[in-house]
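First the structure, in the form of C-alpha cells, and then the observations on it.
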Amino acid sequence: IDRFVAASIVVLFCCVAAQAATPPPLPAVVAKAVKETAAICTEVGGKPDAANAVTRADLNGDGIEDYLLQVGAINCDGAASVYGDRAKGVIVYVGDSKGGATEAFNDMSYGMTLEGAGPAAKLWLTVSGQSCGKPPAKDFASENFCDRSVVWNAKTRKFDYGPVSTVKMVQ
C-alpha cells in the first residue's frame, strides 16, 4: 500500500505541475493571426509548426501579458522559404485585463532579443540601414545592422522604436 500511495502522489504531482506549466490560451486576435500566418505554409504544401511563434512578456509594464508574434519562428516543413529568407514580420499585441489583446506594433526584423523579465522586459529588434541611423548600403552584404529597442508610448497606446541614439550596432 505504501508503494501505491507514493506512486499516486508522484502521478498527482506530475499532473498538477504539467497543468500549471500550460499557459492560458492566446487571445482570439493573436490566435487568429498565428493561424492565418501558418496557413501561408499550408497553402504552398508545407506543414507548419507554430509552437514557438508567440512569446509572452509584459512589454509595457502594466502587469498584464503582452504577445509577440514572430513570423520567422514558424517552421514550415516542406517549404522553408515561404516566409522569406531575410527580414520577417514581427507583431506585438498588448494584452488587456479581460483576456483580449490589441495590435500595437507591426514591422519587419532580422531577429529579436527579449531582455529582462516582468515589467522590466525590453524588446530589441535587429534592423538595418536607416533604422540604425545609417545611410542605405549599396548592397545587402555591405548593410549596417543594429539592435533597436521597442518602447511603449502610453499616449498613443502603441509601441515604436526607441531613439536611434540608443541602438546597439551588430558587428
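List, in order, the whole-Hz ³J(HN,Hα) value for each residue of the range 32-44 obtained from phi through the Karplus relation with A = 6.51, B = -1.76, C = 1.60 and θ = phi - 60°; use x for Gly and Pro.
Using θ = phi - 60°, the values come out as 5, 5, 5, 4, 5, 5, 5, 5, 4, 5, 4, 4, 9 Hz.
Output the 0 to 90 degree angle, nearest 10, between the alpha-carbon long axis of helix 2-21 and the longest principal axis computed from the alpha carbons of the chain.
Roughly 30 degrees between the two axes.
How large is Rg/Rh for the range 110-171, to two decimals, with Cα atoms and a Kirkwood Rh?
Computed over Cα atoms, the ratio is 1.03.
To the nearest 20 debye, what is the magnitude of the charge dipole of the range 54-171 about its Cα centre, counting +1 on the Cβ of each Lys and Arg and -1 on the Cβ of each Asp and Glu?
In total the dipole reaches around 300 debye.
For the range 145-160, take each phi angle, set θ = phi - 60°, evaluate the Karplus expression 6.51 cos²θ - 1.76 cosθ + 1.60, and give the result in whole Hz per residue in order, putting x for glycine and proline.
10, 8, 9, 10, 6, 10, 10, 7, 10, 5, 5, 8, 6, 9, 9, 8
Compute the relative contact order of the chain as a whole-number percentage, counting only Cα pairs closer than 8 Å that sit 6 or more residues apart in sequence.
Computed over the chain, the figure is 15 percent.
Past the 30 Å Cα-Cα mark, which pairs from Lys47/Lys158; Lys35/Lys138; Lys32/Lys168; Lys35/Lys122; Lys122/Lys155; Lys88/Lys168?
From the list (Lys47/Lys158; Lys35/Lys138; Lys32/Lys168; Lys35/Lys122; Lys122/Lys155; Lys88/Lys168), the Cα-Cα distance tops 30 Å for Lys47/Lys158; Lys35/Lys138; Lys32/Lys168.
How large is log10 I(q)/I(0) at q = 0.16, 0.25 Å⁻¹ when the Debye formula is applied to the Cα atoms of the range 32-110, each weighted equally and without solvent?
Calculated log10 I(q)/I(0) at the listed q: -0.60, -1.14.
Kindly provide the helix-only [θ] at 222 nm of the chain, computed as the sum of -39,500 (n - 2.57) over DSSP H runs of four or more divided by all residues, to the nearest 500 deg cm²/dmol?
Result for the chain, helices only: -7000 deg cm²/dmol.
Counting only residues 5 or more places away or on other chains, whose amide H sits under 5 Å from the amide H of Ala79 once H atoms are built in the peptide plane?
Lys47
Take the alpha carbon atoms of the range 93-108, find their center, do the same for the range 46-62, and report the distance between the two centers in whole angstrom.
12 Å
Using modelled amide H (1.01 Å from N, peptide plane; none on Pro or chain starts), what sits under 5 Å from the amide H of Gly61, excluding residues fewer than 5 places away?
none
Taking θ = phi - 60°, what integer Hz values does the Karplus form 6.51 cos²θ - 1.76 cosθ + 1.60 yield along the range 62-73, in sequence order, with x for Gly and Pro?
Taking θ as phi minus 60°, the curve returns 9, x, 10, 4, 10, 10, 10, 8, 10, 4, x, 8 Hz for the range 62-73.
Which label belongs to the value computed from this structure, given these candidates for P(r) over Cα pairs in 5 Å bins from 0, in percent: [x] 1, 8, 16, 20, 20, 15, 10, 6, 3, 1, 0; [y] 1, 8, 14, 16, 16, 14, 12, 7, 4, 3, 2, 1, 1, 0, 0, 0; [z] 1, 9, 18, 22, 23, 17, 8, 2, 0?
Among [x] 1, 8, 16, 20, 20, 15, 10, 6, 3, 1, 0; [y] 1, 8, 14, 16, 16, 14, 12, 7, 4, 3, 2, 1, 1, 0, 0, 0; [z] 1, 9, 18, 22, 23, 17, 8, 2, 0, the one calculated here is [y].
List every residue whose amide H lies under 5 Å from the amide H of Val170, counting only residues 5 or more places away in sequence or on a different chain, with H placed 1.01 Å from N in the peptide plane.
Sorted by chain and number, the residues that satisfy this are Phe145, Cys146, Asp147.
Every number here is computed from the coordinates shown, using simple stated rules; none is lab data. Quick caveat: nothing in here was measured; it's all calculated off a predicted structure. As a convention, Cβ positions derive from the backbone with ideal geometry for all residues, glycine included, and neighbour counts pool all protein chains shown.
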